[in-house]
1. Only one of (1) out of contact with any Lys or Arg (no Cβ under 9 Å at 6 or more places or on another chain); (2) in a loop (DSSP other than H, G, I, E, B) fails for Met300. Which number is that?
2. Give, as residue ranges, the helices (runs of 4 or more DSSP H) completely inside the stretch 331-383 that count at least 1 residues that are farther than 22 Å from Ala451 by Cβ and out of contact with any helix residue (DSSP H, G or I) (no Cβ under 9 Å at 6 or more places or on another chain).
3. Whether any residue in the stretch 200-213 is of a type in the set (A, V, I, L, M, F, W, C), in contact with a Pro (Cβ under 7 Å, 6 or more places away or on another chain) and outside any helix (DSSP H, G or I) is what I want to check.
4. Give me a count of the residues in the stretch 200-212 that are surrounded by 24 or more Cβ atoms within 10 Å (Cβ to Cβ) and either of a type in the set (A, V, I, L, M, F, W, C) or within 19 Å of Ala379 (Cα to Cα) (or both).
5. Is it the case that some residue within the stretch 358-379 is without any contact (Cβ under 8 Å) to a residue 40 or more places away in the chain, surrounded by fewer than 23 Cβ atoms within 10 Å (Cβ to Cβ) and among the hydroxyl-bearing types (Ser, Thr, Tyr)?
6. Go through the stretch 254-274 and give me each residue that's closer than 18 Å to Gly143 by Cα and either modelled with pLDDT under 85 or open to solvent by 60 Å² or more (accessible area, probe 1.4 Å) (or both).
7. Taking the conditions exactly as written (touching a residue at least 24 places away in the same chain (Cβ under 8 Å) and over 25 Å from the mean Cα position of the chain (by Cα)), does Leu194 satisfy them or not?
8. Looking at the stretch 267-288 only, could you name the residues that are under 28 Å from Ala382 (Cβ atoms), more than 23 Å from the chain's Cα centre (by Cα) and small (Gly, Ala, Ser)?
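The values are calculated or read from the model by the stated rules, or taken from the named source; none is laboratory data. Bear in mind the structure is a predicted one, so any value in this text is a computation, not a measurement. So basically every Cβ, Gly included, is an ideal-geometry build from the backbone, and we count neighbours across all protein chains shown. To get the accessible areas, we keep the full protein, side chains included, count just its heavy atoms, and leave off ligands, DNA and RNA. Shrake-Rupley method; radii C 1.70, N 1.55, O 1.52, S 1.80 Å.
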Amino acid sequence: MSNTPDSLPVKPTYEQGSTSISSDDISDEEAQVQLKSSDQDTAKDNVKDGRHTLATLFKYSYSLVLLLFSVIVVTATIFTDQTKMAADVNSAVAFILLWVLTLWLAFMEGGQGCLVGLQPIDKTLYAQSHPKALKVTKLAHEGNNLERFIVGRQFLVVLVIFVINMCGSALKGASVLNLPDFMVEIFINSGVALILMTTILGQLTAQVNAADCMLDFINNYVMLITTHVSLFIEMSGLLHSVYLVQIIFAKITGKSTDTQPTRTIPQAIFFWLRIVFSVAVLSFSLAVTLVALFDGKTTMYSGVPEPVSVTLLFVLMAFVGMMEGMQIALFAVINMPKDELKKHSQAAKVCDLVFSGSHLQAFLIGRQICVTCCMFIVARVATCSVDEGETTIFGVSAGIQNFFNTGLLGAIITTIIGSLAWRIIASAFPVAFLSNPLIYLIIRLCLFLEASGVCSAAWVIALMHRKVARYEPDVTYLGNPDAKESTKHQLGDDLELQES
């Protein structure tokens, strides 16, 4: 493991009842980047130096084959007009948009960890070598912009996955390349091929390289634009419902929300107006989505009864929410006195499992795979699909119905109810959250997914991308942190819980 600034030990502290929405509470992908960096370095070193076990070689090989096959299958599905975007718009547009969004997703996944990791670093150290990265960090680290960026970026990630689903997920009855029925069901109809593509190419590969090449990774205008867009989304008030949840739990726990600046009366009025707007939008989105589900007018898998679809939507959002929140809860109790933790046997059992050996890194990787799978299924369940000539939802015009069909409403529901709200709950009551017996089972599932090696191709592709892009470790530009103990201790304090 290279001694780069972003991979220094993280020492989160236990603070029961904290409810502030900040980089300490909301961010999760950066934890995946930084806390698994040792596993990533080991994997990359193995690929580079040829130190493999047969099991490792097998995982790399079969994962690469699966990825290649998935890319071929998804491409064939698009160019035979068997996806929603290809059928409604154009196959070439769907293909180009799929890859553009996958690459953009990679920037968002890796970039967030970079912005958190670079927060305590003196910007003069890279002002001349990375001028674009300097612009990005100056914008993101100004005031409470990092917290706002993380909230807005969460919606952007969900929205991108919803659109990728429209571009690449097969329509009912799709079949390509004369594949046997069982392979069609596994890779096409269930969406496994698209999920593998997105997880490996749009998420894990970027996170691997962003782990210790933060400066090179964000030294581009794409990341600058992404930061501006994320801040704009948060400023719009679309997601301000989550601040209402934050305030409610702050009242319950008796903790103040200390990350928001003091507001003037006009600012307070604007803030609460946006909360009202967000609650109205969320309520309307729920109403439209539920009506569409009960009427069978979504992109849900064929043959699934409408009541089952509705139940599945909320079950999946709760499942995703638990995976989002458990990471925050784990980092909230990591330094809790052992005697205190032992009073809660189930929570102690969960912590013993996660923090033993390399289970933490494995959990974070498996969790990413699991979250992505669930997000794609939620996208299929919650995206409206009303064809031309059919009765529209609530009798709206065809133009408005086409807007409903974009999946935007489902993305709003998923971001607020299936992600941000659960993070606040986990932050407020971490021990109670981990005491849920389902948490232990979910962690076991995540460990199994990582052990399967299904996404091991990410390490190989990351190494190739690193060489092509000529990424250098941050230590090359920032100096050896071993010679800067004060910086090292500062990082340990400032990155506290920012991975969670």
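1. All conditions pass for Met300, except number (1).
2. On the way: elements: 338-342, 345-354, 359-382.
So the answer is 338-342, 345-354.
3. Yes.
4. 8
5. Within the stretch 358-379, the subset without any contact (Cβ under 8 Å) to a residue 40 or more places away in the chain is none.
No: the stretch 358-379 contains no residue that is without any contact (Cβ under 8 Å) to a residue 40 or more places away in the chain, surrounded by fewer than 23 Cβ atoms within 10 Å (Cβ to Cβ) and among the hydroxyl-bearing types (Ser, Thr, Tyr).
6. Let us first name the residues in the stretch 254-274 that are closer than 18 Å to Gly143 by Cα, namely 257-264, 267-268, 271.
Once the filter is applied, which keeps residues that are closer than 18 Å to Gly143 by Cα and either modelled with pLDDT under 85 or open to solvent by 60 Å² or more (accessible area, probe 1.4 Å) (or both), the stretch 254-274 yields Thr257, Asp258, Thr259, Gln260, Pro261, Thr262, Arg263, Thr264, Gln267.
7. Details: touching a residue at least 24 places away in the same chain (Cβ under 8 Å): yes; over 25 Å from the mean Cα position of the chain (by Cα): no.
For Leu194, the condition - touching a residue at least 24 places away in the same chain (Cβ under 8 Å) and over 25 Å from the mean Cα position of the chain (by Cα) - is not met.
8. Ala280, Ser283, Ala287
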